[in-house]
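J.: Here it is, the structure, as structure tokens.
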Amino acid sequence: MLDHATGIVVGETAVIEDDVSILQSVTLGGTGKTSGDRHPKIREGVMIGAGAKILGNIEVGRGAKIGAGSVVLQPVPPHTTAAGGSGAHRRQAGVG
């Protein structure tokens, strides 16, 4: 689902699986590498908050949540919330 799909950027090697929610002004981008597999892999059931930036060839695991305005440069494990400028991870209670 693309909610208020204004300003969304999806890099050419990005992968977005089923049941993913992406809010406005999200970037699934690279980190400067000019060839090869260089964009994020977004797995099933992920929710990406408004203005989030997910950069590089990293995986956002199934059912993860990315907080609004977050910058994510490292992989996010399944069923984990990543929030803030460093995309710090917090495992959700009772999951995984």
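J.: Do we find that GLY29 is closer than 18 Å to GLY85 by Cα, small (Gly, Ala, Ser) and in contact with a Leu (Cβ under 9 Å, 6 or more places away or on another chain) in this structure?
T.: Taking the combined requirement at face value, the residue satisfies it.
J.: Here's something else I'd like to know. For the list (1) more than 19 Å from LEU2 (Cβ to Cβ); (2) touching a Ser or Thr at 6+ places or on another chain (Cβ under 8 Å); (3) of a type outside the set (A, V, I, L, M), I need the number of the one condition that GLU59 fails.
T.: Unmet for GLU59, out of (1) more than 19 Å from LEU2 (Cβ to Cβ); (2) touching a Ser or Thr at 6+ places or on another chain (Cβ under 8 Å); (3) of a type outside the set (A, V, I, L, M): (2).
J.: Would you call THR81 outside any strand (DSSP E or B) and of a type outside the set (Asp, Glu)?
T.: Considered against the rule, which asks whether it is outside any strand (DSSP E or B) and of a type outside the set (Asp, Glu), THR81 comes out as no.
J.: Name every residue in region 31-46 that is surrounded by fewer than 18 Cβ atoms within 10 Å (Cβ to Cβ) and either over 12 Å from the mean Cα position of the chain (by Cα) or assigned to a strand (DSSP E or B) (or both), in order of residue number.
T.: THR31, GLY32, LYS33, THR34, SER35, GLY36, ASP37
Readers should treat all values here as calculations from the given coordinates under stated rules, not as data from a laboratory. The model shown is predicted, which means the values in this text are computed figures rather than measured ones. Backbone-built Cβ (ideal geometry, glycine too); neighbour counts: all protein chains shown.
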